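**Q** Just dropping this structure here.
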Amino acid sequence: MLAAISRSREGSLVSQPITTRPADGSLFVKASFLAVIPNDGSPEAAYATYEVVSEEGDQRWATVCRWSDLRRLHDELDSRCAAQMKVARSAGLPSFWHHTLRLGKARISPEFCAGRAREMTKLLQTLVRTLGVSLLKECGPKPLISFLGKGVDVTLATPMERWFSVEHGWPACVFDNTAPELRPRSLTPSRAEAPSLYPEPAAAIGELFVEVLEAAAIPRVDTLSQNDVYAILFCEGHAAKTTTLADMEHPRWQYDDARAARFPVSSVYSTLFVALFDADFGSIDADDELGRVTIDLRLLRPSTVYTAWLELGRKALADGSEGLGRVRLRYSLRWASDRARVCRYLAPPDDVVVPAAPTHTGCSHCLLTTSLHLLFSASHRLRFAPSVRRCRCARRRICSCSSSRTPA
């Protein structure tokens, strides 16, 4: 039976989706407009959600997604199943529009969102039919099966085999079917690559687990496209870069993305830093910083899982006044034992080696030395290094500070 032809709101010719379930009980997919979610009260930050219902046999699956989730699925199928997607296009797969030219409230109007739901239904129905997808038999491309069966739920737990670790870096499985410019990176050598850089594993008194789930209300820094967002996680000298989400207005890292990291904790005074950047592919400019958050590990209750939206900022304490958006993290801290943690609190701070305090303030080098002395002397057990006669100041070769100070 020939389907009726209509013109979509973006100007392309698409056939009307099938509205009745097939009599043979095969997989039937239908999408419908669900709701508009306000975000910071701005029309530009709000987004529409859609419900995708899949029925096969006597089973029914219902998931919630956004248009950006469908766009990512489309791009992933293009990269993983190029030959099958070519067959689907020859069989009438409609053109997919990544973005809309509408602005403000027009992009989230009920009429426009209902039209997008029809386009989503037609696209998914064509993919299911041409690619031979079955949820009951788990037949078809894995990304499409996961999209229809599980949906795009960023709160799903990241499998442990896909976590970053200091010992081995990112596992090899996170690089599969990912473009080279979007792949995660280990920004510091792993213990296996450079064992001399790391203390013995027994020195760690705990372990920190952190997952980057999503971000929202991030200002656009690229003029002609959306942001290409990735996160950098840093704790106690260890750093890891997550998967880059290309051309995303509201980046959402899925459970099978490289988004989770485990860091050993050897100090109760450690801090977790999470920063978001916009990748500039093929540009001579450095990547643009979008904002960062800090988490003081002293404030965390052990063995408690936190899932929180945190305000991004460039100041030491972000309060949301900078308008840089928010990031959603899930993190937890596990101590090896309460005894080891309490003993680390009671232990005296490590010795800090600073230059000897000078007896005058005649040059910039001695000014800096004096500042360090005053800064650390109140809270640390100082061990002074012997002073030298040669001054680092470019104008004065011989410093008049006393060299009689010996280590305390």
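**Q** On a C-alpha basis, how far is the centre of the range 94-120 from the centre of the range 259-305 in Å? Whole number, if you could?
**A** The distance from the Cα centre of the range 94-120 to that of the range 259-305 comes to 35 Å.
**Q** Any chance you could run the full-extension gain for R21 through R162? It's 0.36 nm times the residue separation minus the Cα-Cα distance, nm to one decimal.
**A** 47.0 nm
**Q** Taking the simple approach of a point 7 Å from Cα along Cα-to-Cβ for both D338 and A35, what is their distance in nm?
**A** 4.1 nm
**Q** Once you order the gyration tensor axes a ≥ b ≥ c over the Cα atoms, which shape class does the range 38-180 get: rounded for a/c under 1.5, otherwise prolate or oblate by comparing a/b with b/c?
**A** oblate
**Q** Anything over 22 Å Cα to Cα? Flag those among K105/K315; K30/K137; K30/K150, in the order listed.
**A** K105/K315
**Q** If Lys and Arg each add +1 and Asp and Glu each add -1, what is the summed charge of the other residues whose beta carbon sits under 11 Å from the beta carbon of A31?
**A** For residues surrounding A31, the net value is +2.
**Q** Still on this structure, please answer the following. For each of Y345, Y198, count neighbouring Cβ atoms within 10 Å of the residue's Cβ, then give the residues from fewest to most.
**A** Y345, Y198
**Q** Please give me the summed charge of the neighbours of P189: other residues whose Cβ is under 15 Å from its Cβ, Lys and Arg +1, Asp and Glu -1.
**A** 0
**Q** For a Förster distance of 22 Å, can you work out the FRET efficiency between the beta-carbons of E289 and A172, rounded to the nearest 0.05?
**A** 0.15
Here, each number is a calculation from the coordinates, and none is a lab measurement. Quick caveat, the model's predicted, so the values are computed rather than measured. As a convention, Cβ positions derive from the backbone with ideal geometry for all residues, glycine included, and neighbour counts pool all protein chains shown.
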